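Working notes, structure below.
The values are calculated or read from the model by the stated rules, or taken from the named source; none is laboratory data. Not measured: the values here are computed from a predicted model. Don't worry about glycine lacking a Cβ; one is built from the backbone with ideal geometry, like all the others, and counts go over all protein chains shown. Note: accessible area is taken over every heavy atom of the protein model, side chains too, but ligands, DNA and RNA are not part of it. Shrake-Rupley method; radii C 1.70, N 1.55, O 1.52, S 1.80 Å.
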Amino acid sequence: MRPCSFRSAMLVLSGLVALARPAFADEPRLDPNVAPTSEAVVLNLDANQTDYTGSVKIQVHVEKATREFLFHAEEMKLDTVELSGAAGKIPVTITSGGDRGTQKATTTADLAPGDYTLAISFSKPYNTQAVGLYRGMFEGKGYLFTQFESLDARKAFPCWDEPIYKIPWDMTITVPTQQVAVFNTPVEKEQMGATTHTYIYKRTPPTSSYLLAVAAGTFESVPITGQSVPGRIYTCKGQKKLAAHAASIAPRILAAEENYFGTKYPYEKLDFIAVPEYWPGAMENPGLITFSDKILLVDPASVSLSQKSTLAMVIIHEEAHMWFGDLVTMAWWDDLWLNESFADWLAVKLMPELYPEYGYETRELQEVNHTMTQDANAITTPVRRKVDSGADIMEDLDITYKKGRTVLKMTEAFIGADKFQLGVRNYLAAHAWKNAVAADLFTALADASGKNIEPILASYLDQAGFPLVKVGVEPNGMVTLSQTRFRNAGAAVSDETWSVPVRLKISDGKNVQTRVVVLDKPTKQVEIPGKVDWVMPDDGGVGYYRWIVPSQMMMKLASHPDATMSKRERTRFLGNARALLNGGEITGDEYLTIASDMAQHPEPEIVTSVMTDLETLRMPFVTADLEGPFSRYVLHTLSPARQRYGIEPKSDDSEDVRLMRPTLIDWLGEDGRDPDVITYCEGVTEKYMQDPASVDPTIAGAALRVAASDGDQARFEQFRDKLEAATVPSDRSRYMGAMGHFRDPKIQDEVLALALTDKIRVMDRFQLLSGLMDTEAGRDRTYTWMTRNYDKLASGLPVEFRAYFPFMVSGCEQQRLDAAKKFFAEPAHQVDGTERNLEKVSSQISDCLNLREREGKAVATYLKSLAP
């Protein structure tokens, strides 16, 4: 799904994960000496207007006498500001305290310790970049939504906009009679005016500002029945018919999470809302989870297994936040992993239990391999790091989510699932409705397990990268384990040591035993009684480390995968082999042989993993002169899978085959250039354009992509017209995903031009273009387009997202990198984080060029040796 750095960045931009932004280094943190104890917000909203008014009453407590304090209010006019205490009104002056909405309140005399009320009325335009309180359009109608994580609540109304200020909120919203308003809590009472409808909501439990949510407009809704609390799904007008599937699976998911955490869902209601213009995939606002409409809404006539899997996973993730993040909230953004790693970890845990038919474990392992590839970059970051700039929280989100969850999974395996669950429950009980830090969780897990797990977690969370564990076997059975930091060959990285729970699977040729060894120093010896035939050093496939065993032993594992490894271990083995190629531990032709051999395995998941790993070979090795030989390799490697499973869906297909087939079609059609597959996809495409419900949804997207790769001007115009007319999010997404796969340069220019029109939402531009990055020519064309249109592209993005433009340079081309360094050196093309991301891209390109130089000749010889 994310085979290169560019696509990872584009997923950040197109919205598969929640986004956050901290305070800048030049903006002071708020002094807790003057802190809020509660806040009442009144909003006067109309989705058909461009601005709004409101007021707040904030109860504050002064701990020590002071004449000034800070609060947040960004991009708004403060019409009146009044401060009052027990003795009445107190004169106060407001001045700017920073460039990110920090305001300084100054009094002429000391504020004595005690309680005060800060009352502010304000006015401001709605945000138009899908952050803060923003206005978007859907089919000609205005709608209002919010996205506050991490510090964009300050763009909606005055507040103390840091997670440590976890307070009760009272919300009152007035809208025109024909509009509906929703909030985190249920409505307590309503007031009807001549032309207005006022909603007064129940007070929230203690909640950080970034978790508040408001929406208003002409919404439709459907009930969610069977949950432990009431719930509804809200959609823009005309879309509620697409909410049935989400409503049907939500109760089961919530019940599973209540069972795991051992407590009832902690809020009074649980609504979902589908948002058409939305950067994150979803956001965990308690009681009102916001989702991108293309995730939440599915057409029952054309929904694919992949869509169902993504929706279930996102619901599990967001609902897990109701406990991890909402009930217990991090104290500051350096512990964002306490929210995100845990939510992702629970999704990984529950998906196979609730929906084994979705084959999520294969996807999870692909994501782990991708994240470890990213984490091997010399310019990677730790999971837990100091946050003091606007780019810090946005940096390496895959590390926070995917590395964090894998480290938690490894820790769970180390201490045992029951003890891990007990530690989690104790942590939540101890810190309910409060804030927490990493040490609080470490303590809870240690108390529950009787093991000091802090060295393991701290070494993985606080250090960038991961270890390479080398296994040596002596004739007497002594096994030597050693660790160094994994590095791509030629890369300069600092030396580190981890506490690694190495899970050894050891065979004497007849029997298999397991042993867990905490490798907490550079070298450790393990005495194994009897003969050692082979060692597989990642029992269960849960370790966040790469490993290597002696060459003969490695080939024994690869040649007898069923006898030596479980399904999960086989998938991890493939990713490990690909990493060893990057690290210079095996050669390119050795890896291609391993991949080709593993592709003959009858398990569809293994074939899927081979295809995912092969994706990473295209950029370093498949230059223009090798496209033909690489096509032959693809056919040689994957044609047996086609013969085994077929490309046309059958009624008796297993779910694993149905999940694997679209990727197989992609490879055989686009890279293998199999004429039969291309002809088949063209036929499927014609049917889909006539009636999407007539095509099996699992292969529809793949067929469109293959048809585009062989398509002409007429085909492009058909796709463009269908894209612009699509009303079902999945149909729109499939056509967008196909657009970047046209290979005619003239058509590619038309795709790039289309991305700048109002026919394409700003947050969808990068999905439209992602396929262009598969070839060197497409990468050059996209980069040139970006530089020529930078101002227009940047103006549509929140400022922190502009830091990701350097990822459009990703590839294996030094000339483009040299040009990009000059382009991004200009102040007009820089924001906080641009330079850091360009360093990462530079490191990625250097690794790619080193790999090409080191192994290119061997790979070329191997590929050319294959008969046509």
Note, Lys746: beta-carbon cut-off 12 Å, +1 each Lys/Arg, -1 each Asp/Glu, net -2
Going by the alpha-carbon gyration tensor, a ≥ b ≥ c the square roots of its eigenvalues, is the range 669-715 rounded (a/c under 1.5) or, if a/c is not under 1.5, prolate (a/b greater than b/c) versus oblate?
-> oblate
Leaving out ligands, DNA and RNA but keeping every protein chain, what accessible area does Thr373 have, in Å² rounded to the nearest 10, with a 1.4 Å probe?
-> 70
Zone of Ala244 (label point 7 Å along Cα→Cβ, backbone N under 20 Å): which residues in the range 710-737?
-> 727-732
Please work out the C-alpha center-to-center distance from the range 472-525 to the range 419-457 and express it in whole Å.
-> 28
Rg to Rh ratio, the chain, alpha-carbon atoms and Kirkwood radius?
-> 0.97
Heavy atoms only, probe 1.4 Å: what % of the accessible area of the range 250-302 goes to carbon and sulfur, would you let me know?
-> 53
What is the spin-label model distance, in nm, from Ala492 to Gln191 if the labels are put 7 Å beyond Cα along the C-beta direction?
-> 6.8
What is the spin-label model distance, in nm, from Asp676 to Asp749 if the labels are put 7 Å beyond Cα along the C-beta direction?
-> 3.9
Contour minus Cα-Cα distance for Ala86 and Lys759 (0.36 nm per residue) = 236.6 nm
How high is the relative contact order of the range 61-105, in percent, counting Cα pairs under 8 Å that sit 6 or more residues apart?
-> 44
Do you know the relative contact order of the range 604-699, to the nearest whole percent, from alpha carbon pairs under 8 angstrom that are 6+ apart?
-> 33
Computed, not fitted: 222 nm per-residue ellipticity of the chain from DSSP H runs ≥ 4 (each -39500 (n - 2.57)), nearest 500, equal to -13000 deg cm²/dmol
If you average the sequence gap of Cα pairs under 8 Å that are 6 or more apart and divide by the length of the chain, what percent do you get for the contact order?
-> 10
Between the range 161-188 and the range 713-729, how many Å separate their Cα centres?
-> 39
Net charge near Ile699 (other residues with Cβ under 12 Å of its Cβ; Lys, Arg +1; Asp, Glu -1) is +2
Net charge near Ser566: determine it from the other residues with C-beta under 13 Å of the C-beta of Ser566, scoring Lys and Arg +1 and Asp and Glu -1.
-> -1
Estimate the FRET efficiency between His636 and Ala714 by the formula 1/(1 + (r/R0)^6), using the beta-carbon distance for r and 41 Å for R0, to the nearest 0.05.
-> 0.75
For the range 341-442, which whole percent of the accessible surface, found with a 1.4 angstrom probe, sits on carbon and sulfur atoms?
-> 53
Looking at the chain, do any whole DSSP H helices span at least 30 angstrom along their long axis by alpha carbon and average 0.0 or above on Kyte-Doolittle, and which?
-> none
Rolling a 1.4 angstrom probe over the protein heavy atoms, how many square angstrom per residue are accessible across the chain?
-> 35
Note on the range 382-500: alpha-carbon gyration tensor, axes a ≥ b ≥ c; rule is a/c under 1.5 for rounded, else prolate if a/b larger than b/c, else oblate; result oblate
Within the range 703-776, trypsin sites (Lys or Arg not before Pro) in DSSP loop having at most 15 other beta-carbon neighbours inside 10 Å | Lys759
Output row, site Lys821, 7 Å Cα→C-beta label point, backbone N cut-off 18 Å, window the range 487-503, residues 491-492
What length, rounded to one decimal in nm, is gained on full extension from Thr480 through to Gln600, with 0.36 nm per residue of separation minus their alpha-carbon distance?
-> 39.9 nm
Within the accessible area of the range 712-868 (1.4 Å probe), percent carbon and sulfur = 50
